[in-house]
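Notes follow once the structure below has been shown.
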Amino acid sequence: MRPAPGEVVHFSEDPTITRFEPHVAATAQQPEAYVWAVGAERAPDYWFPRQCPRAMAWVVPSTTPADRTWLGSDRVHAIEYEWLAAMRTVRLYAYRFAASAFESFGEHAHAMVAVTPVVPLGPPEPVGDLLALHASAGIELRVMRNLWQFVDAAAGSSLGFSGIRLRNAAPRSDELQA
């Protein structure tokens with residue numbers, strides 16, 4: 001489930017939205033109001049239940065041979081066991097928008113934002129089986145007891161890396177013993 005050329009997508013568990021209004025997200029690190037969406041390259045980052053903490057790492061041109069070996073695949077997504085049932089059962093929908101209504105956001109253009117209200121190009125599309133979607137895209141999905149060792153290793157490597165909703169992850173193992 002990726003946007004077609006000239007489109008961006010927004011993933012939601014709510015299939016009833018007819019108009020997206022810019023807003024300041026509860027987790028926003030900036031004060032501006034936006035409607036958020038992603039292009040084809042970053043769409044897989046959102047093939048998860050909305051609140052699911054996840055860490056993602058992928059090979060980039062500057063990835064070292066050692067980091068490539070450590071990752072063991074071109075792209076890996078990791079979640080915690082606690083979220084596996086939700087991955088199997090969540091009903092996720094994709095809203096498509098004309099990319100022309102959005103502009104790149106962030107240093108690495110990881111997302112697209114609109115500063116005015118936007119209307120989807122059509123009704124939301126059910127995304128379907130998220131595990132099968134990962135498999136068909138060739139993305140290895142790892143299920144872990146705790147994400148933090150993967151997060152720390154990937155973030156400190158030469159790989160591309162992203163972490164989303166990490167505040168919802170289990171505490172670091174060392175925090176459990178404190």
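The values are calculated or read from the model by the stated rules, or taken from the named source; none is laboratory data. Only a predicted model underlies this, so the values are computations on that prediction, with no experimental measurement involved. No Cβ is skipped: glycine too gets one built from the backbone with ideal geometry, and neighbour counts run over all protein chains shown.
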**Request:** Go through the range 34-55 and count every residue that is in contact with a strand residue (DSSP E or B) (Cβ under 9 Å, 6 or more places away or on another chain) and under 18 Å from residue 100 (Cα atoms).
**Result:** 9
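Residue-by-condition table, conditions (1) under 19 Å from residue 44 (Cα atoms); (2) of a type outside the set (D, E, K, R); (3) more than 17 Å from the chain's Cα centre (by Cα); (4) not in a strand (DSSP E or B):
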site: 122; (1), (2), (3), (4): no, yes, yes, yes
site: 131; (1), (2), (3), (4): yes, yes, no, yes
site: 134; (1), (2), (3), (4): yes, yes, no, yes
site: 138; (1), (2), (3), (4): yes, yes, no, yes
site: 141; (1), (2), (3), (4): yes, yes, no, no
site: 146; (1), (2), (3), (4): no, yes, yes, yes
site: 151; (1), (2), (3), (4): yes, yes, no, yes
site: 158; (1), (2), (3), (4): no, yes, yes, yes
site: 161; (1), (2), (3), (4): yes, yes, no, no
**Message:** What are the pairs with Cβ atoms under 6 angstrom where one residue, in the range 91-114, is under 25 Å from residue 161 (Cα atoms) and the other, located anywhere, is of a type in the set (Lys, Arg) and modelled with pLDDT of 90 or more? Sequence gap at least six, or different chains.
**Reply:** 110/42
**Request:** Check 60, 76 and return the single one that is in contact with a Ser or Thr (Cβ under 8 Å, 6 or more places away or on another chain) and of a type outside the set (D, E, K, R).
**Result:** 60
**Prompt:** With (1) touching a helix residue (DSSP H, G or I) at 6+ places or on another chain (Cβ under 9 Å); (2) surrounded by 14 or more Cβ atoms within 10 Å (Cβ to Cβ) as the list, and residue 116 as the residue in question, which single condition is left unmet?
**Reply:** (2)
**Message:** For the range 1-44, give me the residue count where each residue is under 12 Å from residue 118 (Cα atoms), of a type in the set (A, V, I, L, M, F, W, C) and surrounded by fewer than 14 Cβ atoms within 10 Å (Cβ to Cβ).
**Reply:** 0
**Message:** Just to be sure I understand, how many residues within the range 163-174 are outside any loop (DSSP other than H, G, I, E, B) and either touching a helix residue (DSSP H, G or I) at 6+ places or on another chain (Cβ under 8 Å) or within 20 Å of residue 3 (Cβ to Cβ) (or both)?
**Reply:** 4
